[in-house]
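Structure first, then comments.
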Amino acid sequence: MPDKESSIPADWFRKADADLQTVEILLAQSGDTEIASTHIQQAIEKYLKGHLLVKGWKLRKTHDLPELLDEAVKYCQELEKFRSLCEETTVFYFEARYPFFKEGPTAKEVKGYLIQAKEMAKVIRENTK
C-alpha cells in the first residue's frame, strides 16, 4: 500500500465516482444502509478534496465534511447549498465503522443523500474545468 495519497484531482474524482456506484449497487440489492452511507460520506469527501486540489489546496487528512466545505465555498459559493448534506453525512464515516447503539439511515434516506451527492458532484465538476 502506498504511503502517500495522490494530489491529482482526477484520482479523487474517480474514487468518488466508484463510491457512488457502490451505493447504487447496495441500494439495488437491499444492502446494508450503514455501509452505503459510509460510501456517500467518502464520495463527498473525495469530491471536495479533488475540487480543493484543483484550486491549489494542500492535501491534508480530515474526514470532516463541513470543514472541507468551508474551504471549498471560498472557490465556489454554489457549494454552500450542500451545507446540510455535509453536516448530516460527516458522521457516517464513524458510525458504520464502530458499533453504536443507534440505527443507521434508512434506504429512503440513503437514496436522498445519493441524489444530493450526485448533484454536488455535478456542481464540482462544472467548477473545476
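Read the figures in this text as sums done on the coordinates, not as results from a lab. Since this is a predicted model, take the numbers as computed values, not measurements. Quick reminder, even Gly has a Cβ in these numbers, built from the backbone with ideal geometry, and neighbours come from all protein chains shown.
A few comments on the model shown:
- All aspartates and glutamates inside 19 Å of Lys108 as judged from Cα atoms, apart from same-chain residues fewer than 8 positions distant: Asp19, Glu24, Asp32, Glu34, Glu87, Glu88, Glu95, Glu119
- Once the Cα atoms are used to define both axes, helix 9-28 deviates from the longest principal axis of the chain by about 20 degrees.
- Trypsin sites (Lys or Arg not before Pro) lying in DSSP loop within the range 1-93, provided at most 16 other Cβ fall within 10 Å: Lys4, Lys55, Lys58, Arg60, Lys61, Lys74
- Normalising the average separation of contacting C-alpha pairs (under 8 angstrom, six or more residues apart) by the number of residues puts the relative contact order of the chain at 31 percent.
- Based on the Kirkwood approach, the hydrodynamic radius assigned to the chain is 14.7 Å, with every pair of different Cα atoms included.
- Over 20 Å apart at the Cα level, from the set Lys81/Lys111; Lys58/Lys122; Lys58/Lys118, are Lys58/Lys122; Lys58/Lys118.
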